[in-house]
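A.B. asks: Structure below; questions to follow.
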Amino acid sequence: MNGPVVALCPCRPGESLDVGPLRAAKTVAGEAGAPVAAILVEAADRQIEQARSEGDLVVWDVRHADLSPLDDAERRGPVFVEALKQSGLGDFRLAVLPAGHVGAALAAAIGKSFDAAVLGACAEIVLTAGGVEARRSTCGGRVEIVVAADGRCVVATRDASQRGPSRRVGEVRPLRLATPLPDRRPVERVGAAGRDRSVATARVVIAGGRGIGGDEGFDRLRDLAGCLDGAVGGSLPAVDAGWVPVSAQVGQSGQFVAPEVYVAVGVSGTPQHLAGVGAAARIVAINTDVDADIFRFADVGIVAAWRDVVPALVRRLRSSPEAFSPDERDP
Amino acid sequence: MTSIRSASRDPDDATDEREVDFLVVGAGLAGVSAALAAAEAGLRTLVLEKQPEIGGSSAMSGGCLAFAGTDIQRANGIEDSDALLFADLREVGRFENDEATVRAYVEEQLSTYAWLRAHGAEFGSMVEAASGQSAPRSHIVDPADLVRSLWARAKSTGAVRLITSARAARLCREGGGGPVAAVEVDGDGRRFTVRASRGILLASGGFAGNPGLVHRFAPQYDEAQFVCGAGSEGDGLRMAWSLGADFRDTAYIKGTYGKHPIDETNHHACLAVYKGAIAVNQNGVRYVDESISYKLLGDACMAQPFASTYQILDRDILESGDDRVRILDFQRRLEEGLFIEADTLEALAEQAEIPADALAQTVARYNAFVARGADDDFGRKHLVHNHGALRKIERAPFYAYPSTAVVFGTYCGLCVDRSMQVLDVFGAPIPGLLAAGEVVGGLHGAAYMTGSALAKAAIFGRIAARTAAEGGAR
Amino acid sequence: MKVAVLLAGVADPRHPLTLRSSRPPEIRRDNPLVFSPFDEAALELALKIRDGRRDTAITAIVAGGAESDALVRKAAAHRLDSVARLESEALAIWDVGATAHGLAEALRGLATRPDLVLIGREFGDFDDGALAPCLAAALGWPLFDLAQFARWEGDELILVRDGRSAEERLGLRPPWVASVTNDRRNRLRHPLMKNVMEARRRGFDVLTVAPVVPSATLKAVAPARERTRREPCRFLTGSVENQVAELAAYLQPWRALR
């Protein structure tokens, strides 16, 4: 098979592009010398430019006459399917989507239309003679499996790699579609989402532990969550102390959370607590104790008292001029 | 019977730990106390623990130790004494317990308290009155912390070793019927033998974790909940039985009423009945005087359909709970969704699948008894024992707490003499074999004084170590 | 309303995982099983729907081998209208396509078509969220993702989730598939002891579906590399002010929209 590797990028107006699928597609293709394309649906100029600047790929700027920004995967899936067909990319070897429920919904649509194998959220994706091989985490992060499939494949990725070198900027090709789409779903949107966001579905979770010391500290964590489109959770000692409602307890005996970023403040990092944190979350730890277990699992660490860090961080995030968010909800 | 003459030492074993002075089976409070006391007396000691961690049932307990005449009691203005403690223990046990065993406890209790304090045990500054105590004498500790800190002290002597995930499988006597001098151990995927020259102590706990064995003695508790260390499977009892050891008090295995039958996160019982709730069965009918001991309530509950009943209460009773007391922390359990809640008794009955008219009738009849001051059905006079005036169940919302009995320990076990040497079925000591902690029978008798099980672990552990050190075990 | 709940169960996270075999059904057999938080949320959502309308009929299907019988009884203890175990050997549970196909077959085989299929947002130990959309695609039914709550408004059932900027509600016109995520409002209630005991006595059907050729093969199964980062934690350095600035830059992509 010589087909291309295609990154599928759902876009949201006013946000920066999630370049994860694109970089993953380039990495996979690069090793096998396969051509790379990206399909961006309803992208803003700036998002197109972002994709193009990744280099060495064809960027398909796809628009559909009947698509609105609030349309969900039910109507976006067919647009991607049609785009793959009309762009001549229908013989793709591998389609790469962002991990998460939107990516999963699009993967299902593409899998069905192209009779492609849906492999889930994978890492270490490689092209084989007849298809794809990839590694996936299972059993609550305790077992890793390697799956292989022949023919067309669809994977999701949480690639967070840096931009690789490229020889030339990408070429942009517009594609205008007007194929009929399924009826809009009768989903009604009402008011604002709950004031205390659920930790279970939040993209960013700010978790406080025993080290926070009291209610006042949790108010500061809520400030931080507000800056970050996040929700506040707590470890068991924090819930025991009454600083956090039991519904926001993260850990084995509480909620399982799968955010993109987990900011652990004054949390020691017991296995019971970390069992409630999805393996894909990037962990940021702030703790006074350099020997705290949490630093063994953290991507980024600050050894300092939260009082010296959190309020200053809130001030800085509030004062910086521009905010873009690669949100994946409601593409 | 295995003879140790045929058992050879493992040639690969370069350490000395397979040949010790004193061998302790089980690393709960009894085993750890014994190990520390033995090390202090100069014995090279090895502790075997079947689980990967030390602590056993002790670490999961409520953390009450019954001592009498302590400085904490004096600071709280409480008068207590050996004599009062002895009288209480005998009386609570309805004189079914063994006088010599009770005396051994009483004689060593205050020195054991001092010894624990000297080794860093941190008791709360208050003492609580609880079941069977004429004077408040429940001294409160963090039990897991107590075991850990005593173990740390024992380890620091340099004379004590611990092997975890190692199960004692068989006791071996020297020659034909000589002293018990070795233990065959399963650990590390193989069986090996440890010899002990001064005595072997069974501190292996009870058997609440062995449903088959519980069924043999207390089949009425088949459907009860069991909360105990995972290793409490009666290993020590069976090893001793195989050498002819006698045992006692099995008729008095009892559960505590008030455990939610499904919830696995709260180990402790909830006793809304002691604040004025009534207990009804699945048919919506009362079946007991709710003010009696929670152990007797446990027996009564097990005789009901599905071995599960409901404590029925109203808002006033719920609000009279006390979140600082484990058995009365209603608000916390409400937040955890353990109470069934409804605005009317009919709606409550529907959720609990109790016949609605039966429940309404039961509550109305009970409220009339309260108004009149006489419970014609079961003679209940107080909230608990001789304390508190009964109250009506009348202000919405209404609550039902599903309740069964929970067995925390088996309270029965091996017959021992006052030096903790195990006695055989003819009353003769089995040389070389000692017992301490929950595996020992004869202290509690027919009922149980709060704090006597955990204190007994430390007290009897120390006595057993002293017996070994003084050469009395052989 | 006829509701079908699909349940999988996971190896109990409170116990260390035993990994003696490279076959998923055997891995499942070697470990104590519990319902996952998402299984529980899906089941509770069904019970909430029944609370609101007593004529709701709930069918639960637990995918697994004989080791899953305790889970089937656990579900049955909620006094469901029917419970069954779906023999999972044919589902090739590591393969999303095969599993979705098998579950869809099992649902088509039910005596009456469900109006609503509830499934946890992750289905068992080998799904990471890809399955629910594939199941909807296999059935040809629409999917409501990450449902958190359900309530009746008159005769209409409303499914609810927190969207990014608003609460999102779906007035249900059957048939639908809804994936369910855990939420304070759908924490699984405790069954009554009476029904637990009745469930123990009651039998249940074991369903089978014809195996399909999986679209993917399982090449290797191994314990996860320890969850320490492959690269050690990057400690920020310099003055606290510098560290805060660097952290703010790191968190920039997750800034809230104004």
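A.B. asks: Has the range C:213-234 got any residue that is open to solvent by less than 20 Å² (accessible area, probe 1.4 Å), under 30 Å from residue C:21 (Cα atoms), at the interface with another protein chain (Cβ under 9 Å from one of its Cβ atoms) and within 22 Å of the chain's Cα centre (by Cα)?
C.D. replies: Checking the range C:213-234: at least one residue is open to solvent by less than 20 Å² (accessible area, probe 1.4 Å), under 30 Å from residue C:21 (Cα atoms), at the interface with another protein chain (Cβ under 9 Å from one of its Cβ atoms) and within 22 Å of the chain's Cα centre (by Cα).
A.B. asks: Let me ask something additional. Could you list, in sequence order, all residues of the range B:340-364 that are buried (at least 16 other Cβ atoms within 10 Å of the Cβ) and polar (S, T, N, Q)?
C.D. replies: B:362
A.B. asks: Here is a follow-up. Test of understanding: among C:137, C:100, C:75, which residue is within 11 Å of chain A (Cβ to nearest Cβ), open to solvent by less than 10 Å² (accessible area, probe 1.4 Å) and part of a helix (DSSP H, G or I)? Talk me through it step by step, then tell me what you get.
C.D. replies: Values: C:137 fails: open to solvent by less than 10 Å² (accessible area, probe 1.4 Å); C:75 fails: within 11 Å of chain A (Cβ to nearest Cβ).
On inspection, the qualifying residue turns out to be C:100.
A.B. asks: How about the range C:58-72: which of its residues are of a type in the set (A, V, I, L, M) and outside any helix (DSSP H, G or I)?
C.D. replies: From the range C:58-72, those of a type in the set (A, V, I, L, M) are C:58, C:60-63, C:66, C:70-72; that's our starting set.
Matches in the range C:58-72: C:58, C:60, C:61, C:62, C:63.
A.B. asks: Quick one: which residue in C:53, C:23, C:29 is surrounded by fewer than 21 Cβ atoms within 10 Å (Cβ to Cβ) and farther than 30 Å from residue C:219 by Cα?
C.D. replies: Details: C:23 fails: farther than 30 Å from residue C:219 by Cα; C:29 fails: farther than 30 Å from residue C:219 by Cα.
The unique qualifying residue is C:53.
A.B. asks: Look at residue A:240 and say whether it is at pLDDT below 90 and within 14 Å of another protein chain (Cβ to nearest Cβ). Explain how you work it out, then say what you get.
C.D. replies: On the way: at pLDDT below 90: yes; within 14 Å of another protein chain (Cβ to nearest Cβ): yes.
Judged against the criteria, residue A:240 is a match.
A.B. asks: Okay, moving on. Return the residue satisfying two criteria in turn: it lies in the range C:140-164 and is among the small types (Gly, Ala, Ser) and touching a residue at least 12 places away in the same chain (Cβ under 8 Å), and of such residues it is farthest from the other protein chains (Cβ to nearest Cβ).
C.D. replies: Kept after step one, since they are among the small types (Gly, Ala, Ser), are these residues of the range C:140-164: C:140, C:147, C:150, C:154, C:163.
Imposing the further condition that a residue be touching a residue at least 12 places away in the same chain (Cβ under 8 Å) reduces the set to C:147, C:150.
Details: C:147: 11, C:150: 14 Å.
Restricting to residues being among the small types (Gly, Ala, Ser) and touching a residue at least 12 places away in the same chain (Cβ under 8 Å), the top hit is C:150.
A.B. asks: If you go through the range B:199-223 one residue at a time, how many are part of a loop (DSSP other than H, G, I, E, B), in contact with a helix residue (DSSP H, G or I) (Cβ under 7 Å, 6 or more places away or on another chain) and either not aliphatic (A, V, I, L, M) or not assigned by TED's automatic domain parsing to the domain that holds residue B:429 (or both)? Show your work before the answer.
C.D. replies: Our first condition is that a residue be part of a loop (DSSP other than H, G, I, E, B); within the range B:199-223, this holds for B:203-210, B:218, B:222-223.
If we keep only those that are in contact with a helix residue (DSSP H, G or I) (Cβ under 7 Å, 6 or more places away or on another chain) as well, we get B:203-208, B:222-223.
Still in the list and also either not aliphatic (A, V, I, L, M) or not assigned by TED's automatic domain parsing to the domain that holds residue B:429 (or both): B:204-207, B:222-223.
Looking only at that region, the number is 6.
A.B. asks: Output yes when any residue across the range B:60-74 is open to solvent by less than 40 Å² (accessible area, probe 1.4 Å), among the polar types (S, T, N, Q) and touching a strand residue (DSSP E or B) at 6+ places or on another chain (Cβ under 8 Å), and no when none is.
C.D. replies: Checking the range B:60-74: at least one residue is open to solvent by less than 40 Å² (accessible area, probe 1.4 Å), among the polar types (S, T, N, Q) and touching a strand residue (DSSP E or B) at 6+ places or on another chain (Cβ under 8 Å).
A.B. asks: Tell me whether the range C:4-21 contains one or more residues that are among the basic types (Lys, Arg), farther than 25 Å from residue C:177 by Cα and over 17 Å from the mean Cα position of the chain (by Cα). Reasoning before the result, please.
C.D. replies: Filtering the range C:4-21 down to residues among the basic types (Lys, Arg) leaves C:14, C:20.
Those left that are additionally farther than 25 Å from residue C:177 by Cα: C:14, C:20.
Filter once more, keeping what is over 17 Å from the mean Cα position of the chain (by Cα): C:14, C:20.
Yes, the range C:4-21 contains at least one residue that is among the basic types (Lys, Arg), farther than 25 Å from residue C:177 by Cα and over 17 Å from the mean Cα position of the chain (by Cα).
A.B. asks: A further question on this structure: Taking the range B:238-279 only, how many residues are within 14 Å of chain C (Cβ to nearest Cβ) and open to solvent by 30 Å² or more (accessible area, probe 1.4 Å)?
C.D. replies: Count: 3.
A.B. asks: Something else now. Suppose the filter is within 35 Å of the chain's Cα centre (by Cα), under 16 Å from residue B:317 (Cβ atoms) and in the same structural domain as residue B:293 (by TED's automatic domain parsing); does residue B:389 pass it? Outline the logic, then answer.
C.D. replies: On the way: within 35 Å of the chain's Cα centre (by Cα): yes; under 16 Å from residue B:317 (Cβ atoms): yes; in the same structural domain as residue B:293 (by TED's automatic domain parsing): yes.
So residue B:389 fits the description; yes.
A.B. asks: Based on this model, can you work out whether residue B:287 counts as open to solvent by less than 10 Å² (accessible area, probe 1.4 Å) and hydroxyl-bearing (Ser, Thr, Tyr)? Write out each step before concluding.
C.D. replies: Numbers: open to solvent by less than 10 Å² (accessible area, probe 1.4 Å): no; hydroxyl-bearing (Ser, Thr, Tyr): yes.
Here the answer is no, as residue B:287 does not meet what is asked.
A.B. asks: Does the range A:87-94 contain at least one residue that is over 17 Å from residue A:5 (Cβ atoms) and in contact (Cβ under 8 Å) with a residue 12 or more places away in the chain?
C.D. replies: no
A.B. asks: Okay, next question. Among the residues of the range C:175-205 satisfying the criterion of being open to solvent by 20 Å² or more (accessible area, probe 1.4 Å) and more than 14 Å from chain B (Cβ to nearest Cβ), which is nearest to residue C:42 (Cα to Cα)? Before the answer, list the steps.
C.D. replies: Narrowing the range C:175-205 to residues open to solvent by 20 Å² or more (accessible area, probe 1.4 Å): C:175, C:184-185, C:187-191, C:194, C:196-198, C:200-205.
Applying the additional criterion that residues be more than 14 Å from chain B (Cβ to nearest Cβ) yields C:175, C:202-205.
Numbers: C:175: 16, C:202: 23, C:203: 23, C:204: 20, C:205: 21 Å.
If we take residues in the range C:175-205 being open to solvent by 20 Å² or more (accessible area, probe 1.4 Å) and more than 14 Å from chain B (Cβ to nearest Cβ), then C:175 is nearest to residue C:42 (Cα to Cα).
A.B. asks: Name the single residue that is surrounded by the most Cβ atoms within 10 Å (Cβ to Cβ) among those in the range B:371-414 being part of a loop (DSSP other than H, G, I, E, B) and among the polar types (S, T, N, Q).
C.D. replies: Narrowing the range B:371-414 to residues part of a loop (DSSP other than H, G, I, E, B): B:373-383, B:385-386, B:388-397, B:408-412.
Filter once more, keeping what is among the polar types (S, T, N, Q): B:386, B:410.
On the way: B:386: 8, B:410: 30.
Filtering the range B:371-414 for residues that are part of a loop (DSSP other than H, G, I, E, B) and among the polar types (S, T, N, Q), the one surrounded by the most Cβ atoms within 10 Å (Cβ to Cβ) comes out as B:410.
A.B. asks: All but one of (1) in a loop (DSSP other than H, G, I, E, B); (2) of a type in the set (S, T, N, Q); (3) farther than 30 Å from residue B:443 by Cα hold for residue B:311, so report the exception by its number.
C.D. replies: So the condition that residue B:311 fails would be (1).
Each row is one residue, and each column tells you yes or no for (1) assigned by TED's automatic domain parsing to the domain that holds residue B:59; (2) surrounded by fewer than 21 Cβ atoms within 10 Å (Cβ to Cβ); (3) at pLDDT 90 or above; (4) within 20 Å of residue B:444 (Cα to Cα).
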| site | (1), (2), (3), (4) |
| --- | --- |
| B:126 | yes, yes, no, no |
| B:129 | yes, yes, no, yes |
| B:135 | yes, yes, no, yes |
| B:139 | yes, no, yes, yes |
| B:143 | yes, no, yes, no |
| B:147 | yes, no, yes, no |
| B:152 | yes, yes, yes, no |
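A.B. asks: Let me ask something else. Pairs under 8 Å by beta carbon, first residue within 14 Å of chain A (Cβ to nearest Cβ) in the range C:28-57, partner open to solvent by 50 Å² or more (accessible area, probe 1.4 Å) and among the aliphatic types (A, V, I, L, M), six or more apart or different chains?
C.D. replies: Final answer for the pair search is C:30/C:19; C:33/C:70.
A.B. asks: Going by the conditions given, is residue B:86 over 18 Å from the mean Cα position of the chain (by Cα), assigned by TED's automatic domain parsing to the domain that holds residue B:31 and on the phi > 0 side of the Ramachandran plot? Break it down stepwise before answering.
C.D. replies: On the way: over 18 Å from the mean Cα position of the chain (by Cα): yes; assigned by TED's automatic domain parsing to the domain that holds residue B:31: yes; on the phi > 0 side of the Ramachandran plot: no.
It is false that residue B:86 is over 18 Å from the mean Cα position of the chain (by Cα), assigned by TED's automatic domain parsing to the domain that holds residue B:31 and on the phi > 0 side of the Ramachandran plot.
A.B. asks: Of the conditions (1) within 14 Å of chain C (Cβ to nearest Cβ); (2) over 20 Å from the mean Cα position of the chain (by Cα), residue A:99 clears all except one; give me its number.
C.D. replies: Among (1) within 14 Å of chain C (Cβ to nearest Cβ); (2) over 20 Å from the mean Cα position of the chain (by Cα), the lone unmet condition for residue A:99 is (2).
A.B. asks: Looking at the range A:66-74, can you tell me whether even one residue there is within 10 Å of chain C (Cβ to nearest Cβ), in contact (Cβ under 8 Å) with a residue 24 or more places away in the chain and among the acidic types (Asp, Glu)?
C.D. replies: Within the range A:66-74, the first condition is being within 10 Å of chain C (Cβ to nearest Cβ), and the residues that meet it are A:70, A:72-74.
Restricting the remaining residues to those that are in contact (Cβ under 8 Å) with a residue 24 or more places away in the chain gives A:70, A:72-74.
Filter once more, so that each one left must be among the acidic types (Asp, Glu): A:72, A:74.
Yes - at least one qualifying residue is present in the range A:66-74.
A.B. asks: Helices (runs of 4 or more DSSP H) wholly in the range A:206-314 with at least 2 residues that are in contact (Cβ under 8 Å) with a residue 60 or more places away in the chain and within 26 Å of residue A:137 (Cβ to Cβ) - which ones?
C.D. replies: Working: elements: A:215-227, A:236-240, A:271-274, A:294-297.
In the range A:206-314, there are no helices (runs of 4 or more DSSP H) which contain 2 or more residues that are in contact (Cβ under 8 Å) with a residue 60 or more places away in the chain and within 26 Å of residue A:137 (Cβ to Cβ).
A.B. asks: Restricting attention to the range A:114-162, which residues are at pLDDT 90 or above, open to solvent by 30 Å² or more (accessible area, probe 1.4 Å), at the interface with another protein chain (Cβ under 9 Å from one of its Cβ atoms) and not in a strand (DSSP E or B)?
C.D. replies: Within the range A:114-162, just A:115 meets the criteria.
The values are calculated or read from the model by the stated rules, or taken from the named source; none is laboratory data. Since we're looking at a predicted model, the values are computed, not measured. Quick reminder, even Gly has a Cβ in these numbers, built from the backbone with ideal geometry, and neighbours come from all protein chains shown. Remember, those area values only see protein heavy atoms, side chains included, never the ligands or the DNA or RNA. Shrake-Rupley method; radii C 1.70, N 1.55, O 1.52, S 1.80 Å.
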